[in-house]
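One structure is given here, and the rest of the page talks about it.
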Amino acid sequence: MAEVKVKPEVPDPMDIESRIIELCHQFPHGITDQVIQNDMPHMEAQQRAVAINRLLSMGQLDLLRSSAGLLYRIKDSQNASKMKGSDNQEKLVYQIIEDAGNKGIWSRDIRYKSNLPLTEINKILKNLESKKLIKAVKSVAASKKKVYMLYNLQPDRSVTGGAWYSDQDFESEFVEVLNQQCFKFLQSKAEAARDSKQNPMIQRNSSFASSHEVWKYICELGISKVELSMEDIETILNTLIYDGKVEMTIIAAKEGTVGSVDGQMRLYRAVSPLIQPTGLVRTPCGLCPVFDDCHEGGEISPSNCIYMTEWLEF
């Protein structure tokens, strides 16, 4: 008896396209051809290529490059309408800038990722800026260089410097005022604890204040023109710790407690040394937390150290 061969059922092209779209939604950062092949092992390579090319031509997928090869990513309908009429090179540059997020990307890195000539990249960047699709932002890390990001994004703190910078200039006076006011608040808290005439342990515990309490006090003073976060205030409190004026402890806190993070709360209190330290320890280098990173010509160096300057003036 002759063997009966069953002809494999040919999948519907629309079903293949729908499945590829589903995979792209499952993996929003993009999928490789291998992912599609693993999901649909019985589909021929030609059928797979036809489906992908059709989705690309209809503008439903973006084609990206990565270390793993080509990536297929679902296209944002809003961005697709914005980029309507743009050529492939312009779309490629836009995608590279979009992937950089709110940290932005230098034109040199755009050139490296796109393999386009610098003159062509500059032309594309000016065109995208004129359409208000991207914007150039000066970075505090390199004042003479600009990074590019999508027009509607708020730059990351690493780019703008956060609350401590204004037009790429470090606001040293503002930081000093915050430093003094935070210490003043903790001092008043410690004095109130001592005046309570309680036993030493209760006095010590009541002299602590959370970073949220310090943040609330600074906000109520109204001395800042920019909105400060608790992270900003903790940065100031850390400088007071490095100066030996404040100490910090971490306690467990109930979930949802104001000022707590991951079930922990940081408490701070003003301290005064029982005895004056020796001359060697008084030098800034003796207590410096970034001593190992300090060297001439670096971002932290003796020539621009404010603590060293103040110590020498003393």
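The values are calculated or read from the model by the stated rules, or taken from the named source; none is laboratory data. The structure presented is a predicted model; accordingly, all values stated were derived computationally and were not measured. All Cβ positions, glycine included, derive from the backbone under ideal geometry; neighbour counts span all protein chains shown. These accessible areas exclude ligands, DNA and RNA; they are computed on the full protein's heavy atoms, side chains included. Shrake-Rupley method; radii C 1.70, N 1.55, O 1.52, S 1.80 Å.
Quick notes
- Per the conditions (1) within 26 Å of residue 93 (Cβ to Cβ); (2) surrounded by fewer than 13 Cβ atoms within 10 Å (Cβ to Cβ), the sole criterion not satisfied by residue 44 is (1).
- Selection status of residue 188, exposed (fewer than 13 other Cβ atoms within 10 Å of the Cβ) and farther than 25 Å from residue 263 by Cβ: no
- Filtered by the rule that a residue be more than 24 Å from residue 163 (Cβ to Cβ), open to solvent by 70 Å² or more (accessible area, probe 1.4 Å) and in contact with a Ser or Thr (Cβ under 9 Å, 6 or more places away or on another chain), segment 253-271 gives a lone residue, 254.
- None of 23, 64, 70 is touching a strand residue (DSSP E or B) at 6+ places or on another chain (Cβ under 6 Å), outside the structural domain of residue 101 (by the TED database) and modelled with pLDDT under 85 except 64.
For (1) among the hydroxyl-bearing types (Ser, Thr, Tyr); (2) touching a strand residue (DSSP E or B) at 6+ places or on another chain (Cβ under 6 Å), each residue gets a yes or a no:
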| position | (1), (2) |
| --- | --- |
| 205 | no, no |
| 211 | yes, yes |
| 216 | no, no |
| 225 | no, no |
| 235 | yes, no |
| 272 | yes, no |
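- The residues in segment 96-152 that are of a type outside the set (Gly, Ala, Ser), under 24 Å from residue 166 (Cα atoms) and open to solvent by less than 40 Å² (accessible area, probe 1.4 Å) can be counted, and the count is 7.
- Yes/no for residue 232 being more than 30 Å from residue 107 (Cα to Cα) and open to solvent by less than 70 Å² (accessible area, probe 1.4 Å): yes
- Screening segment 218-229 for residues that are assigned to a helix (DSSP H, G or I) and among the aliphatic types (A, V, I, L, M) and picking the one that is surrounded by the most Cβ atoms within 10 Å (Cβ to Cβ) gives 218.
- Helices (runs of 4 or more DSSP H) fully within segment 99-214 that include at least 1 residues being modelled with pLDDT under 85 and under 17 Å from the mean Cα position of the chain (by Cα): 157-160.
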